[in-house]
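Some notes on the structure that comes next.
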Amino acid sequence: MKATFPLLGYDTYALKTFVEDLGGEVVLPPATSKKTLEAGVEASPELICMPFKITLGNFLEALDMGADTVFMAAGARKCRFGYYHYLQERALARSGRPFRLIPVSQYSPYAFLFRLMPVTFGVSPTRVIRSVAVMFYKAGLTHEFRALLNRRRALDFAGTERLKPRALELLEAARSTSEIRAARRSLRRLLGCNGSRPVLRVGLVGEIFFMIEQFANGDIEKELARLGVEVVFERSLLHHLRHLLHLDWSFYRSRRLARRYLRECPGGEALRTVGEAIHFVEHDRVDGIVHVYPFTCMPENIALEALQQLTEDTGVPVLSLSFDEHTSRTGLQTRLEAYVDMLRRRSRERSISRD
Amino acid sequence: MRVGIPRALLYYRYGPFWERFLAGLGVEPVVTRRTDKELLQLGLQHVSSEVCLPIKIIAGHIADLKGRVDAVFLPRMVWLEDELYACPKMIGIVDIARMMLGDGTRLIAPSIKRNFLWPHFRAGVEMCGSPLRAARSLARARSLLAGPPVALRLEPGEKRIALIGHFYNIEDDYIGQPIISAFRKQGYRLVTKDELPESVLRGRQGFAKSIRWVFERELYNAFRFLVGSVDGVCVLVSMGCGPDSLIAEFMKEEAGRRGVPFLQLVLDEHTGTAGLVTRIEAFLELSQRRQQLTRAA
């Protein structure tokens with residue numbers, strides 16, 4: 001079996017480790033690019049949201065490279081995401097290549113551990129549980145890597161970019177719990193910044209795919225770091241996996257905080273987006289909130305209204321960015337520059353009035 | 001007490017029930033006027049430009065009520081039996097309404113989760129203070145929930161088009177009426193899901209079982225039921241509607257497979273009526289020609 005799955009930024013490594021640990025062979029498509037997006041857009045319905053188009057492009061490229069099994073998250077509730085795999089299966093079938101699409105329901109962890117994975121890979125449930133533990137570990141490593149990278153890059157952009165290939169090597173090579181522990185120590189040594197902190201910090205919230213996939217969000221963390229801003233984030237594959245096992249305490253905190261604006265969950269991740277934004281503003285004292293989501297995303301558009309209310313209530317500026325296939329990198333950079341300029345002026349004014 | 005009801009979204013299904021229920025409580029129901037350009041413009045100022053047309057319209061209605069009434073009655077449908085959900089925006093609009101209305105106007109928003117009548121009863125108690133009166137008013141209004149009995153009667157020889165679209169789009173004066181009159185002018189009979197019995201609309205056969213949006217499942221079932229007995233299918237989708245963007249794709253594929261002419265009209269606030277009418281006329285002409293060809297063959 002040559003398995004493939006959508007690329008998820010740095011968290012791709014965690015998924016890769018998981019499948020390889022179960023004894024599957026992974027065929028990863030090349031990093032998402034304009035070409036991927038074009039292939040995806042061509043095979044997609046016109047009005048569907050961006051993650052559909054990008055992941056479909058990934059699958060098409062992976063099938064070209066010889067993959068024969070496609071894993072896609074599923075589980076239909078209020079958000080469109082749960083229905084992706086029905087349409088993607090049809091679109092891939094039209095491309096004429098032989099393949100098998102395995103929908104992995106997000107809301108049935110027991111079926112995943114005891115039926116789906118053991119049957120697919122021909123291993124025992126104990127083995128699956130062990131591999132899931134490794135995946136958790138690794139997702140924790142990528143989460144920490146991103147946090148370290150964001151801080152270090154904001155302080156010393158060019159130097160960190162030089163260190164990045166080395167760090168990615170470390171990240172990719174760690175496969176067992178002991179290796180991951182060693183890699184974590186080396187990463188901390190490599191990317192640590194001795195307690196110094198950038199002047200400006202913004203919180204990144206929004207739809208999870210757009211928060212963790214660099215192509216999708218125009219590498220927004222890097223662009224902000226170039227401007228000397230540290231990006232604080234909470235959601236990654238680690239927290240998503242925890243959430244699916246009902247073990248993510250930060251979710252319950254977010255849900256409690258979000259009640260201020262949203263009394264009922266509109267589906268997707270709207271509650272987390274709003275709750276995290278409130279947490280970042282009130283607890284982490286960030287200078288601004290950047291909200292990323294795909295164009296016409298239903299839950300995030302509701303969250304957007306709540307975030308605007310948050311700006312009115314607290315005065316912390318929110319930059320809402322919706323992405324579609326026509327979003328240009330240059331346009332994004334200009335908006336970020338203007339936003340960061342405004343944040344810088346605000347923080348200077350605040351420090352003057354404090355003195 | 002004057003309680004406002006926006007004439008949008010769920011009003012088109014439960015409106016008469018709500019009005020009688022509120023009147024029975026001793027409060028004065030104030031229903032907003034039919035949607036017009038002015039209300040839409042008002043709505044555009046209050047919600048993000050990316051949401052779908054019906055949400056923009058209901059935002060206009062809510063803004064119109066602000067300051068005119070003591071409270072706004074806007075039940076929130078979250079899910080119904082069989083774990084059928086409403087769409088995220090329909091759930092979220094209630095919170096947006098709360099933020100729009102601010103502290104000046106009360107928002108009465110019972111959350112409907114499986115049970116339909118109990119949240120209404122609690123809201124009734126909240127409005128009139130008397131459980132007895134709320135229960136009596138609810139019992140009296142209840143007969144309006146079922147609506148008139150439906151029977152689909154298809155006359156032989158008539159020209160029929162299935163109009164597949166959300167009830168709140170079709171029945172809205174601003175969105176649906178120009179389209180309906182364009183079809184009628186050409187001598188076509190429009191069949192909508194209103195003429196189908198509940199048992200068909202709630203069916204769980206085939207792909208319908210996987211659809212977990214309540215109104216979307218109704219649309220898909222209506223489409224499956226009607227597609228064999230009409231001359232063409234017109235699907236009304238509002239720009240930015242998430243569920244429709246998926247389900248319309250399935251309908252398109254199936255109509256293509258069965259050789260039934262298919263027209264997808266995407267609506268937003270910039271859609272001109274003249275353009276729509278032209279498209280509809282062209283579509284009808286094409287489907288007629290196709291019929292003549294198949295008859296000749």
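The values are calculated or read from the model by the stated rules, or taken from the named source; none is laboratory data. Treat the numbers as computed from the prediction; the structure is a model and nothing was measured. Neighbour counts run over all protein chains shown; Cβ positions are idealised from the backbone, glycine included. We work out accessible area using only protein heavy atoms, side chains counted, and drop any ligands, DNA or RNA first. Shrake-Rupley method; radii C 1.70, N 1.55, O 1.52, S 1.80 Å.
Any residue at all in the stretch B:101-108 that's assigned to a helix (DSSP H, G or I), without any contact (Cβ under 8 Å) to a residue 60 or more places away in the chain and in contact with a strand residue (DSSP E or B) (Cβ under 9 Å, 6 or more places away or on another chain)? Checked the stretch B:101-108: at least one residue is assigned to a helix (DSSP H, G or I), without any contact (Cβ under 8 Å) to a residue 60 or more places away in the chain and in contact with a strand residue (DSSP E or B) (Cβ under 9 Å, 6 or more places away or on another chain). Assess whether A:Arg80 counts as being of a type in the set (D, E, K, R) and surrounded by fewer than 21 Cβ atoms within 10 Å (Cβ to Cβ). In short, no. Here A:Leu241 meets the list (1) among the hydrophobic types (A, V, I, L, M, F, W, C); (2) open to solvent by less than 40 Å² (accessible area, probe 1.4 Å); (3) within 19 Å of A:Leu149 (Cα to Cα); (4) in contact (Cβ under 8 Å) with a residue 40 or more places away in the chain almost entirely, failing just condition (3).
From the list B:Gly157, B:Gly176, which residue is of a type outside the set (A, V, I, L, M) and open to solvent by less than 60 Å² (accessible area, probe 1.4 Å)? None of the others qualify; the one that does is B:Gly176. Restricting B:Glu269, B:Glu249, B:Glu285 to residues that are closer than 30 Å to B:Val78 by Cα, away from every other protein chain (no Cβ under 12 Å) and open to solvent by 10 Å² or more (accessible area, probe 1.4 Å) narrows the list to B:Glu269. Considering each residue of the stretch B:133-151, count those that are modelled with pLDDT under 80 and either touching a Leu at 6+ places or on another chain (Cβ under 7 Å) or more than 24 Å from B:Ala23 (Cβ to Cβ) (or both), and give that number. Residues that pass the stated criteria total 3. Exactly one residue out of A:Leu113, A:Leu87 is away from chain B (no Cβ under 11 Å) and more than 21 Å from the chain's Cα centre (by Cα): that is A:Leu113. Consider the stretch A:193-206 and keep the residues that are open to solvent by 30 Å² or more (accessible area, probe 1.4 Å) and not in a strand (DSSP E or B). The one that is nearest to A:Arg345 (Cα to Cα) is A:Val199. With respect to the conditions (1) within 14 Å of chain B (Cβ to nearest Cβ); (2) within 24 Å of the chain's Cα centre (by Cα); (3) open to solvent by 10 Å² or more (accessible area, probe 1.4 Å), A:Val104 lacks only one, and its number is (1). Checked against (1) surrounded by fewer than 22 Cβ atoms within 10 Å (Cβ to Cβ); (2) within 12 Å of chain A (Cβ to nearest Cβ), B:Cys87 meets all criteria but (1). Does at least one position in the stretch B:20-34 carry a residue that is open to solvent by 10 Å² or more (accessible area, probe 1.4 Å) and closer than 28 Å to A:Glu269 by Cβ? No, the conditions are met nowhere in the stretch B:20-34. Apart from one condition, B:Gly92 fits all of (1) within 12 Å of chain A (Cβ to nearest Cβ); (2) in contact with a Lys or Arg (Cβ under 7 Å, 6 or more places away or on another chain); the exception is (2). For the stretch A:210-246, what are the residues that are at positive phi and out of contact with any Ser or Thr (no Cβ under 9 Å at 6 or more places or on another chain)? Answer for the stretch A:210-246, where residues must be at positive phi and out of contact with any Ser or Thr (no Cβ under 9 Å at 6 or more places or on another chain): A:Asp219, A:Gly228, A:His246.
Identification of strands (runs of 3 or more DSSP E) wholly contained in the stretch B:1-75 with 3 or more residues that are out of contact with any Lys or Arg (no Cβ under 6 Å at 6 or more places or on another chain) yields B:2-5. Among the residues making up the stretch B:121-150, those that are open to solvent by less than 80 Å² (accessible area, probe 1.4 Å) and either within 20 Å of the chain's Cα centre (by Cα) or of a type in the set (Lys, Arg) (or both) are B:Leu144, B:Leu145, B:Gly147, B:Val150. Entry remark, the stretch A:176-202: residues being in contact (Cβ under 8 Å) with a residue 60 or more places away in the chain and touching an Asp or Glu at 6+ places or on another chain (Cβ under 7 Å) number 3 in total.
Restricting attention to the stretch A:45-68, does a residue exist that is open to solvent by 30 Å² or more (accessible area, probe 1.4 Å), within 12 Å of chain B (Cβ to nearest Cβ) and free of Cβ contacts under 8 Å to residues at least 12 places away in the same chain? Yes: the stretch A:45-68 contains one or more residues that are open to solvent by 30 Å² or more (accessible area, probe 1.4 Å), within 12 Å of chain B (Cβ to nearest Cβ) and free of Cβ contacts under 8 Å to residues at least 12 places away in the same chain.
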